Amino acid sequence: MTRMSKRSIFLIILFACAIGYGLVFILSNRPLFCVPGDGLAGWLAIGLGLGYVPLIPGTAGALGGVIFSVASSRLLPWAQVLVAAALVAVAVPLCEYGSLNYGGIDDPRIVADELLAFPVATVALPIRHHPVLLACVFTISRMLDAIKPFPADTAELLPGGMGIVLDDVVTNAWTLLFGLIGWRWYQRRSKV
């Protein structure tokens, strides 16, 4: 039996995500291009419809963020930081708009924060060459998002879009720290 290349594994993961995205819309019983909110800002605040995924809209939004992480993984680490910062800067007004449109709170349908903040968790990690690392980072990110480690719990209390986004930025910064430590440990272990 031949070993699958890392690129093949990565493409299989992306294909599975695309299939899952399609199945979510079929199972959610929502029309693909008909979502509440007025115009493009409302559409982007709910992550192009990912916010309507039943039971796990935040996870679906973060899964969409994997695309941004993979796209920026070809860049140098300093450029990845700039891309992540730009995405976070875009997420704040989108989430502010979403919170005003959905009752002034962090409604579960607002997933632009998860979608656009996830790349913070993968800055400088070789996820393009190691899809298992990407899967581990994603899992850690979702677990920490549920736990809300300090200071994410405090950041979440900030008003409007700033609080909605900053708790995810802090959570993904913690995820990045764990990912870098884990990657370093793996590199040392594989050299032994």
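Give the residues of the range 84-103 that are surrounded by fewer than 19 Cβ atoms within 10 Å (Cβ to Cβ) and at negative phi, sorted by residue number.
Result: ALA85, ALA86, ALA89, VAL90, PRO93, LEU100, ASN101.
Within the range 53-83, which residues are in contact with a Lys or Arg (Cβ under 7 Å, 6 or more places away or on another chain), surrounded by fewer than 21 Cβ atoms within 10 Å (Cβ to Cβ) and not in a loop (DSSP other than H, G, I, E, B)?
THR59, VAL70
Take the residues in the range 88-123 that are at pLDDT 85 or above and of a type in the set (Phe, Trp, Tyr), then tell me which one is farthest from ALA41 (Cα to Cα).
Ranking the candidates gives PHE118 first.
Sort out which residues of the range 38-52 are touching a Leu at 6+ places or on another chain (Cβ under 8 Å), surrounded by 19 or more Cβ atoms within 10 Å (Cβ to Cβ) and in a helix (DSSP H, G or I), and write them in order of number.
If the condition is that a residue be touching a Leu at 6+ places or on another chain (Cβ under 8 Å), surrounded by 19 or more Cβ atoms within 10 Å (Cβ to Cβ) and in a helix (DSSP H, G or I), then LEU44, ALA45, LEU50 are the ones that fit.
The values are calculated or read from the model by the stated rules, or taken from the named source; none is laboratory data. Since the structure is predicted, the reported quantities are computational estimates derived from the model, not experimental observations. Glycine gets a Cβ as well: all are built from the backbone with ideal geometry, and neighbour counts include every protein chain shown.
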